[in-house]
Amino acid sequence: MRDIILILAPHTDDGEFACGGTIAKFIEDGKEIFYMAFSTCQASVPEGMPKDILKKELLSSMEHYKIKNENIIIKDYPVRNFNLYRQNILDDMIIVNKVIKPSMVLMPSLNDIHQDHSTISHEALRAFKKTSLLGYELPWNNFTFNNQTFIKLELRHVQKKIEAIKLYESQLDRDYADPKYIMGLARAHGVQIGVRFAEVFETVRWII
């Protein structure tokens with residue numbers, strides 16, 4: 001039986017920013033990764049860049065992780081307006097659940113204040129209610145976050161995450177794209193559990 005992990009990314013780069021080290025570790029451990037992005041954020045692309053730049057950057061990132069093309073699902077809901085398409089998004093998730101039958105789903109925290117992220121996390125509760133669910137951390141969108149599940153990482157996993165994020169050239173002006181910040185956050189979570197590096201998640205549902 002395949003051990004399948006599904007990453008739900010409201011926007012193309014959210015999975016890498018939130019749990020890019022965990023993705024690297026899971027792939028190394030032989031787990032099969034599916035990545036589902038719900039928007040290529042064309043309305044938010046910096047001026048002067050191609051409108052499809054984020055889609056191209058996502059595909060470059062997936063190639064970097066060696067995630068197969070058939071495991072990449074890209075939707076194109078309008079950024080900041082997911083709430084208008086809740087049923088469509090839920091339907092998409094239900095179809096994916098039936099087809100790939102993931103053993104674990106990584107999704108935005110239920111405490112994420114971004115309107116698109118909130119829509120994805122709440123619809124995921126409904127679509128994957130019989131699956132283990134972990135909410136990932138995006139500190140710039142979380143007023144509160146419960147550090148409940150830690151995934152131990154090695155330096156190579158964090159470096160893989162940093163290299164993946166560097167492929168999003170359209171996003172490199174973001175404070176949270178700074179390699180020192182990414183490394184520091186992983187180090188801080190590692191200190192919490194007595195290891196060098198870690199990523200942290202909220203436990204939404206854990207099925208053993």
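A short reminder: the numbers here are calculations on the coordinates, not readings from a lab. Computed from a prediction, not measured in an experiment: that's the story for all the values here. For neighbour counting, all protein chains shown are included, and Cβ atoms are generated from backbone atoms with ideal geometry for every residue, glycine included.
So here's what we get for this one:
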| quantity | calculated |
| --- | --- |
| Mean Cβ neighbour count within 10 Å, used as a protection proxy, ranking 63-75, 115-127 highest first | 115-127, 63-75 |
| Above-threshold pairs, the threshold being 18 Å between Cα atoms, out of K25/K66; K25/K160; K101/K161 | K101/K161 |
| Relative packing of peptides 78-86, 6-14 - highest average C-beta neighbours within 10 Å first | 6-14, 78-86 |
| Amide H partners (placed H, <5 Å) of I73, local residues excluded | Y35, M36, A37 |
| For region 45-61 versus region 62-93, the gap between their alpha-carbon centres in whole angstrom | 15 Å |
| In nm, spacing of pseudo-spin labels at L84 and K68 (7 Å Cα→C-beta vector) | 3.7 nm |
| Shape box of the chain [Cα atoms, principal axes, largest first, Å] | 45, 43, 34 |
| Within the chain, percent of DSSP bridges classed antiparallel, to nearest 5 | 35 percent |
